[in-house]
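The values are calculated or read from the model by the stated rules, or taken from the named source; none is laboratory data. Everything numeric here is computed off the predicted structure, so don't read it as measured data. Because the Cβ atoms are built from the backbone with ideal geometry, glycine has one as well, and the counts that use them run over all protein chains shown.
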């Protein structure tokens, strides 16, 4: 009985420390805000256009795929290219959060071992850094919509709410994959290869309406819901309520898993690095 109570007290203590860590991380907004900016500046130091190289690369990809796949799918370019640009811009955020989420703690090894900062700060740093890059990439979407004289209308104001859900999911992913990657170094290449496969299974460059009732590949793909939650408003279409409810459920489940792992293994992360 005594051992059971002692174990329960220990579990409560770990939970409390994890909660305090996350709350301190949120409060230290200036820390992960500044570090995210500095990491981008460091990555593109002495580069003329800096992170806009990512934007240029993505824009070139959209131009090439837009011309080719619009003909393959029999779609008009003025409809397909905006669809593709919105999809790829959002997908670049999702895929990068998955891949860089693996390096959440590995890339901050020196900081974790030397500074007593909340560990959750590193997950927030990864999410914030990729939101900055999203801001650069979104210029492609605006340029394409202006070129084709497309106006999504007021419904586009729903897109930031979808992006907020993706960011919260990114935080959960960074905790989960960051912990697994700190313990098992094979996780990052596995995730990177898995993301490449999932890209073709997610309707980023193909229209889900082309499935004609064969929707099993979509219903089991959580990234599809998050992608559509942002892309549809950007194209002038309001997502149905079911899409919002499923996305919120995915977000809550993602956070629950990430926080449970963070509570259980938070004290071991520094030793695994």
In the set 173, 230, 168, the lone residue that is surrounded by 14 or more Cβ atoms within 10 Å (Cβ to Cβ), farther than 19 Å from residue 124 by Cβ and at pLDDT 90 or above is 230
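Scan region 141-165 for residues that are in a helix (DSSP H, G or I) and either over 20 Å from the mean Cα position of the chain (by Cα) or farther than 20 Å from residue 223 by Cβ (or both) and jot them down. Before you say what the answer is, go through the steps one by one.
Let us first name the residues in region 141-165 that are in a helix (DSSP H, G or I), namely 141-147, 154-165.
Passing the criteria: 142, 143, 144, 145, 146, 147, 154, 155, 156, 157.
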Considering each of 117, 164, 159 in turn, give the residue that is within 23 Å of residue 199 (Cα to Cα) and touching a helix residue (DSSP H, G or I) at 6+ places or on another chain (Cβ under 9 Å).
-> 159
So residue 146 fits all but one of (1) at pLDDT 90 or above; (2) farther than 29 Å from residue 257 by Cα; what number is the exception?
-> (1)
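Which helices (runs of 4 or more DSSP H) sit wholly inside region 166-264 and have at least 2 residues that are closer than 20 Å to residue 130 by Cα? Step through it out loud before you land on a result.
Details: elements: 187-201, 216-219, 222-234.
The qualifying helices (runs of 4 or more DSSP H) are 187-201, 222-234.
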Could you look through region 103-138, keep only residues that are assigned to a helix (DSSP H, G or I) and loosely packed, with under 14 Cβ neighbours inside 10 Å, and pick out the one that is modelled with the highest pLDDT?
-> 135
Could you please let me know if residue 86 is surrounded by 14 or more Cβ atoms within 10 Å (Cβ to Cβ) and part of a loop (DSSP other than H, G, I, E, B)?
-> no
Kindly indicate which of 69, 44, 80 is over 25 Å from residue 168 (Cα atoms) and modelled with pLDDT of 80 or more.
-> 80
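If only one of 236, 258 is touching a helix residue (DSSP H, G or I) at 6+ places or on another chain (Cβ under 7 Å) and at positive phi, which one is it? Before you say what the answer is, go through the steps one by one.
Working: 258 fails: at positive phi.
Within the list 236, 258, the selection yields 236.
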